1. Count, for each residue of B:76-85, the Cβ atoms from other chains sitting within 10 Å of its Cβ, then give me the mean as a whole number.
2. What's the exposure ranking of B:10, A:310, B:160, A:217, going from fewest to most Cβ atoms within 10 Å?
3. Going out from 0 in 5 Å bins, what whole percent of all Cα-Cα distances in segment B:674-765 drops into each bin?
4. Find the relative contact order for segment A:249-404 and round it to a whole percent, using C-alpha pairs within less than 8 Å whose residues are 6+ positions apart.
5. Give me the orientation-averaged projected area of the Cα convex hull of segment B:513-617, in nm², one decimal.
6. Using 0.36 nm times the number of residues separating residue B:197 and residue B:859, minus their current alpha carbon distance, what extension gain do you get?
7. Semi-axes of the equivalent ellipsoid of segment A:249-404: what are they in whole Å, largest first, if each equals the square root of 5 times a C-alpha gyration tensor eigenvalue?
8. Partner chain Cβ atoms within 10 Å, averaged over the residues of A:335-345 - can you pull that number for me?
């Protein structure tokens, strides 16, 4: 298990390069024209985007508002199919006598408890007298929308329609085939050369010329020239590729102080990314949640009962033990009240690093640009341990800026681009291509370097 | 219009050989690739190719070595995130800059828990968002490595508990609290409580630069022993007798703001205030005056008396000098024409002069209009007599305990020796100094105070206008507010915060009121009606007799003055302020003797009209050293020749020659001139009427920036750079500057001669070039600088330093022309060498739309953005410096050394840069860096970016709110710092933005610097209009020729 990345692992680079050689990117072109390097990264982007779209479509048809409301109001304590801080919400309507009671419970649980309702009081005791938050501003329709959404969420294990179809089909790897083919051709060529040489030698002897003294191949100038050229091309490619790769850390997947699974939290339990990464909407950093955010839920959730988790090396992870590690950092002993001032911060290993001369702002992308987290971070909701999905190179950034459309019509900021609005209307500008980040100056130096 | 010639330097005035060579060369020094053939290979400096080989090899080696292993970086979140802190987003806290008596309401920008930038507080009715260079630089003082880090007794570290006990036991005899002016009402209460505990104790206020005569005069004529509230904004005629009210006098920030309202003009209905200035040594305020007259310091009393006489209809009496006489007549005329909207101020510390000034103000109806006697300016309260008495008492042994708050008399006193001797006789000495300054090192107990950014407090600069101080960072060291100490020692159980909170909560109707006031930073009270005060003329006659009977001084007289950045020495340890070129002399890192060109001829044998002699003086940094003798005290300093100095007067700045304890930046810089002041008529006088001055024959280098970043102009008279006219000329012929521009541009367009002026201006962008005119959809950033409002104070320069991590390079590097300021303020002279007109022009990257620097970069590290920014990409720059060479404005700066320590190789700067620069890279000092701006490394060019980080932030803010960009979203650092709102910035594409409005409203004054080059700058300047006596010649621009008129 390695914690830091070692770029001296030449064999790895070598193998990866062999695999990459078929899309045949010229590393020198890479620096100057990013357009040509669209192959894999873009494909990945497209696949993940397609996957996300698939997910969204399946959920949104029924209750889009409900989902948003659920995520903003309920998701911090409730899950649909599992008990957490509060009970699982699936089938909640059936558990309550009347909808009215449910409404008033949601709006002001403390007041409702005082009415002496049997079910409410039972629930209250069942959850260690944890009072439910009050939502006096939720309207009946909004609560209905939440309930509708809750009903629409399939139980885990049930197939999510469409998701499988949208999943990325395995990329066909033809390199082996090409390799064998090239080898055969090379052997044939060699044999033909040998035959040619022998025939020439025969002809010369027959015509009475002195046969040329055969030059051994290692002194043959043609061979040497060919080898030298091949060496420089291949070596140059490798050197520049690894030089460019230095400082980048794609696939970096360090061991963290706590085995924190995004798969469990964001994937299975559907916790909204911004519940923990609050900064993503507000500013430069997405921010790693502080312990009090973790403890919001983990005050109640003290054991892991979900499906088995494995590290990248295949070792099984004991989820409950990991939660205990959290408690240790938090200075919390189950059963006793928690004193947040005792908490010590967790020293996570930072995965996504940008050089100091790059300015990156999460809010710009997530809030203004409405870019999904997965576009850059990969399918984070499927990752046990987080790994850096993309190389975070400048070419990768620029490619995306070239193709991504800005929220041109939806965001009032862009109303000042009157000319583009007119061009779009008059058809002078391709409305399917839209206004990309590049067309409003998003590939200029001082958008990221200052 | 008279054909003016502007000049920055004497070489330029004379068009000397050295000047002409200099403007051709980009860099001041020879390029270093000189090979000496006679030497062996090993002895030669590395030839270029070898150098490149080594570079290539070492880069490759370093790349291999550095890239093998990536360091593990940690991401450590808060254990419990405070609700109002989002990492990466700045919080702004209203607080107050307090330095001795100076008070400016500010807003501190706090990033991730540390204050990194000070901005003006717009809510303040006094300063209205203005700042000064010293306010801007104050954030660096917070991270000063020379700050005291713990309390000491006899130099040994103790805890505060131990110190409290020891002090309580040691307080003995008569207790005296000696402080600089305290503007805080609660602090005054704290002192009062303390004094009440110790009977026989008293509080003495002492100001380094005293306003004691003003206070005495006010007591004599108006029965008010204080300074009234001045209102320059109501004045249509301002006469200043040597009061540098825009630079250093009383409350320069507030006064600048007020002054500029009278100086900004509406093109359609041009009116402006008239400012007449009398001075002996050029000051910032004098440089901005409409009319400026020179006099000897000893003549000031006579001038004041003559002005009083003239204002009262008695004519100018007792003045022989014709120019001066005319000046006084003009001043009297202006004052009388604007009765009820006139103001006279004097910087003198002579009671008689101040009494006469009060009489003049009374005569011209200043009371109730430009002087509000109902309110007080509390920023200076020291009375010299009290301090003199205290020193006497100390020497007599009748003071048992001396507690020092802010005051530093061992350095600033005219009689430092007397004070130090007295201090030795005081049994218990306590200092609350933040640094081991000259007085603190002599004290037994030193309990360091917080920096203001760590403190709680309040300040009432103008009575009724309270500004609050709240901490913006947890105290960095083991320091404590002095108020806490005094409260403890007076037996009060509550700490100062509780005291402050209780006091204000009671006045403001509970904690909510206090919280609101703290959030706003200021308490907006309804201003009381102006009061004219009650004037008694009883003292005037005597004062006139005394003032006019002042003896004429000796051959040479001396004026001691404060510099805008350094003040009375408070700024001396701040590298930003030391490196800020003085607005008038353009010198950094030193004080010096200012002499006039006439005195230079006789004393230094330098005739500035002689090209060769001027060059010898100007081109070489070493300047002749002179020895000044004043009443037995001598001081040796280099001499600088500054036009606009009275021929028989020399000037020396105070605030230099400080102890090395207060910081590396102050160490060995300049000499202390406070000792040259003297006690005259009971007040400390900063002028001396008889001094001796001789040239020692030695030389001493002075880092003058005036001759750096020179650029030549085609006409050789710089009218393409600087445009100026008089109000009378403007009224007579408003379109003069437009016509002049059209005339300059005509030749650049084919067939331009046939076009009308307006057509030329319109067609210039398209017709002046082969290239297409580019679209600027969305945003086009633009800036406008109003030269009428700009006073040249330098606040913008320091603000730019702070915002953009501009590095300090130290004196040796400034001497080589390596200073890094992105924004410089050029000083231009025009007219008479002895008393020229001065104009200041802030010059930053002009963000040309057709930028010459962009075309020559071999790696496209500088290029143009669609928003009109000339972008500089440091990580792409390879340091060819072609761009700097091709920049017509010389605003690009090259990192000759690794000033910022940005390089990953440690110790690589040692030996290349001096201690000050190394100290700037201390981990503590680096906390001031703006995390949104790249710290540049050696070998790259940098320049003004229009604060692109702020532009991006402002745009994002608008995007997040889904609305178009507004002016309030984006304010660049220089614009924000400006106390006179001379700089306007915004989206020039928007119809509603301030920049569009300024350009539309001022078509006749707008011009671009070097417009005829067709570089299409993004910065408009509004021509300077001077309200001088009408001298318009009615010259018309017919045909191609300017008419030459003699001055």
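Laboratory data are not the source of any read-out in this text; all were calculated from the coordinates shown. Bear in mind the structure is a predicted one, so any value in this text is a computation, not a measurement. Here Cβ is always computed from backbone atoms with ideal geometry, including for glycine, and neighbour counts include all displayed protein chains.
1. On the way: counts 7, 13, 9, 13, 11, 8, 1, 0, 0, 0.
Per-residue shielding by partner chains comes out at 6.
2. On the way: B:10 26, A:310 13, B:160 16, A:217 10.
The fewest-first ordering by Cβ neighbours comes to A:217, A:310, B:160, B:10.
3. Going from the shortest bin to the longest, the percentages are 2, 9, 11, 10, 10, 9, 7, 8, 8, 8, 6, 6, 4, 2, 0.
4. Details: 182 pairs, mean separation 62.2, N = 156.
Computed value for segment A:249-404: 40 percent relative contact order.
5. On the way: hull surface 57.7 nm².
Averaged projected hull area, Cα only: 14.4 nm².
6. On the way: separation 662, 0.36 × 662 = 238.32 nm, distance 7.30 nm.
Taking residue B:197 through residue B:859 to full extension adds about 231.0 nm, to one decimal.
7. 30, 18, 14
8. Working: counts 0, 0, 0, 0, 0, 2, 2, 2, 3, 2, 7.
Across A:335-345, the average partner-chain Cβ count within 10 Å equals 2.
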